[in-house]
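A.B. asks: Quick one: the structure is below, and I'll ask about it shortly.
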């Protein structure tokens, strides 16, 4: 008898000993197990802790593409989910699985939900996590976009550029930092001005390890190099922490060709007519042969 059959047979007895068990896997690989039972459970080599107080509203799953009306609620504690981790975005997009389990016989269980965390909020010592089912991935725009700029993300499968190539990244220690957003380096002059603009800053070590910021400004000046992020990192970063800076791309054809030498993989349409050309009309004066109007 399978675990699902065993659980259904147990439910058919009328006197049940069932609970919920949740497995949460963050994008950095850290795993958490929770249960709403009053004792810890173990199966599949994982411990589901009862001390976390994680619970869920009734699972309402539909056949459409709308977000399922499901929510997980848990207590903020140092032993499991912390407020600092939520603020740092470490649980954003975490994978979630939920089982209905016979706590007297954990082998009798059925997987009831699989998806990801959506919007997370915190209040009064608790966190509330929206649960998004597998159909959420089908609700994303697909296909090519006809535009002059590139639709690929630098380094992804469509772009194909290797960001580990020499000259396109720098790994170094933090020298000066303000508000976890503005960084200054005295010895980072081997790259052109604005080389890292629109690129990524990845924290390698320290309390903010694993967090990623997008570079807003990258300027060379007399004191050295100033790198500013669009928004502060979600955790404290201090002098001495290791970071990695990756070259940025403005998605223009000239940048792809001259900076990255990757024009064969350019995913834009640089010669597509602009709105001025599309709205033009025949006139007696001037050249009206479909060429550039500038």
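A.B. asks: Is at least one residue of the stretch 207-220 in a loop (DSSP other than H, G, I, E, B), loosely packed, with under 15 Cβ neighbours inside 10 Å and over 20 Å from the mean Cα position of the chain (by Cα)? Walk me through it before giving the result.
C.D. replies: As a first pass, look at the stretch 207-220 and keep what is in a loop (DSSP other than H, G, I, E, B): 207-211.
Now restrict to residues that are loosely packed, with under 15 Cβ neighbours inside 10 Å: 207.
Of the ones still in play, those that are also over 20 Å from the mean Cα position of the chain (by Cα) are none.
No: zero hits.
A.B. asks: Under 20 Å from the mean Cα position of the chain (by Cα), outside any strand (DSSP E or B) and free of Cβ contacts under 8 Å to residues at least 40 places away in the same chain: does that describe residue 153? Even if it seems obvious, please write down each step before you answer.
C.D. replies: Working: under 20 Å from the mean Cα position of the chain (by Cα): yes; outside any strand (DSSP E or B): yes; free of Cβ contacts under 8 Å to residues at least 40 places away in the same chain: yes.
Yes, satisfied.
A.B. asks: Now, a different point. Is it the case that residue 193 is surrounded by fewer than 17 Cβ atoms within 10 Å (Cβ to Cβ) and either touching a strand residue (DSSP E or B) at 6+ places or on another chain (Cβ under 8 Å) or in the same structural domain as residue 232 (by TED's automatic domain parsing) (or both)? Reasoning before the result, please.
C.D. replies: Values: surrounded by fewer than 17 Cβ atoms within 10 Å (Cβ to Cβ): yes; either touching a strand residue (DSSP E or B) at 6+ places or on another chain (Cβ under 8 Å) or in the same structural domain as residue 232 (by TED's automatic domain parsing) (or both): yes.
Taking the combined requirement at face value, the residue satisfies it.
Residue-by-condition table, conditions (1) closer than 17 Å to residue 102 by Cβ; (2) out of contact with any strand residue (DSSP E or B) (no Cβ under 9 Å at 6 or more places or on another chain); (3) exposed (fewer than 13 other Cβ atoms within 10 Å of the Cβ); (4) at pLDDT below 65:
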| residue | (1), (2), (3), (4) |
| --- | --- |
| 20 | yes, no, no, no |
| 38 | yes, no, yes, no |
| 43 | yes, no, no, no |
| 49 | no, no, no, no |
| 53 | no, no, no, yes |
| 56 | no, no, no, yes |
| 68 | no, no, no, yes |
| 77 | no, yes, no, yes |
| 80 | no, no, no, no |
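A.B. asks: I'd like the full set of residues that are under 30 Å from residue 209 (Cα atoms) and either without any contact (Cβ under 8 Å) to a residue 12 or more places away in the chain or not assigned by TED's automatic domain parsing to the domain that holds residue 95 (or both), limited to the stretch 11-36. Even if it seems obvious, please write down each step before you answer.
C.D. replies: Within the stretch 11-36, the first condition is being under 30 Å from residue 209 (Cα atoms), and the residues that meet it are 21-35.
Listed by number, the list holds a single entry, 29.
A.B. asks: I've got another one for you. Given the options 175, 130, name the one that is surrounded by 14 or more Cβ atoms within 10 Å (Cβ to Cβ), within 28 Å of residue 23 (Cβ to Cβ) and touching a residue at least 60 places away in the same chain (Cβ under 8 Å).
C.D. replies: Numbers: 175 fails: within 28 Å of residue 23 (Cβ to Cβ).
None of the other options fit; the residue is 130.
The values are calculated or read from the model by the stated rules, or taken from the named source; none is laboratory data. Source: prediction; values computed, not measured. Quick reminder, even Gly has a Cβ in these numbers, built from the backbone with ideal geometry, and neighbours come from all protein chains shown.
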